[in-house]
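Quick notes on the structure that follows.
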Amino acid sequence: MASKGKSNKTTIKAPSPGHTSPTGRKSGRSSARKHVVEEEKETLAYKVLSAEMTKSLYALDDADELQRNISDFLKRTDRLSVDLKDGVCVDHFVAGLWWCKQQAMTIEQTSAIFTVLHTLLDNIKEKHLGMVQNLLEYKKMLVGIGVELGPDQTGGGLECLDIGQAKMLTDYLQLSFFQHHRLFEFVFTHTQAEEVIGTDLEVETPKSADVPWPPPLIEAVPEETFKQYIATPPPTPSRPVEEEEATEEITEEEKQKEAGSALSTDAR
């Protein structure tokens, strides 16, 4: 009699609609991470200055005209000559854009560098960062220049520059910005003292009409002749009121005496 053995059966379960395999979960996670990295790799160009605005400013060959256009863009035209903060901001951006023209930067590179200038200055104005913290922020912007980043690495936004241009930008910022970082901090973190400027106006009034003005010509005229015939005689001094009253009293007394003497003569 043959013995009955148990057969080995393999059961394959179909994945349910809500179930995700480990392989599919991993691929979905990597694709999402790749999408996030691509979003974070956005360049710093055109963050502050648009492409059209950068082209119009880059085409200007006059520094004064460039200053006027940047003042209009920053809306600091009204108080530029009297407000120290507005003047510092405009000079900072004008010098940076002019440096980009001298180094023959492209429109994209110029806009990215303008964003760097704006960010570093805004770190002082709004965040009140010191020089060390601001240097660290600038260092983050340089990440990814001249190297290939991995899928999990994020660039700083200045990938449009090469290593040589990044070195030139660092040297320029060292001379124009970081070397004067304490001055920038003082300007934007301390209240500017108000100075009241007074204006004195001297007005020369003409002399009175009784004196000739200007005086007549006196060439070759002796001083005695001038005083006797040409010079205006001094006004007659007016007598004091007390003298006039005394004179009137004397006159009345004399009249009374004359009247009394006349009466005595008639009586005789």
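The values are calculated or read from the model by the stated rules, or taken from the named source; none is laboratory data. From a predicted model like this one, the values you see are computed outputs, not experimental measurements. In this analysis, Cβ positions are derived from the backbone assuming ideal geometry, glycine residues included, and neighbour counts consider all displayed protein chains.
Would you call Thr119 hydroxyl-bearing (Ser, Thr, Tyr) and more than 22 Å from His180 (Cα to Cα)? So Thr119 does not fit the description; no.
Filter the range 146-169 down to residues that are out of contact with any Leu (no Cβ under 8 Å at 6 or more places or on another chain) and either hydroxyl-bearing (Ser, Thr, Tyr) or outside any loop (DSSP other than H, G, I, E, B) (or both), then give me how many there are. Final tally of qualifying residues: 6. Here Leu201 qualifies as in a loop (DSSP other than H, G, I, E, B), modelled with pLDDT of 75 or more and either more than 30 Å from Val88 (Cβ to Cβ) or of a type outside the set (S, T, N, Q) (or both).
Of the residues making up the range 252-264, none is under 30 Å from Leu84 (Cβ atoms), part of a helix (DSSP H, G or I) and modelled with pLDDT of 70 or more.
Considering only residues in the range 125-144 that are more than 20 Å from Glu42 (Cβ to Cβ) and either part of a helix (DSSP H, G or I) or β-branched (Val, Ile, Thr) (or both), the one that is nearest to the chain's Cα centre (by Cα) turns out to be Lys125. You will find that of Val221, Val187, the residue that is closer than 30 Å to Arg79 by Cβ, surrounded by 10 or more Cβ atoms within 10 Å (Cβ to Cβ), at pLDDT 70 or above and of a type outside the set (Phe, Trp, Tyr) is Val187 and no other. Just one residue in the set Leu169, Leu97, Leu129, Leu136 is more than 16 Å from Tyr58 (Cβ to Cβ), in contact (Cβ under 8 Å) with a residue 24 or more places away in the chain and not small (Gly, Ala, Ser); that residue is Leu169.
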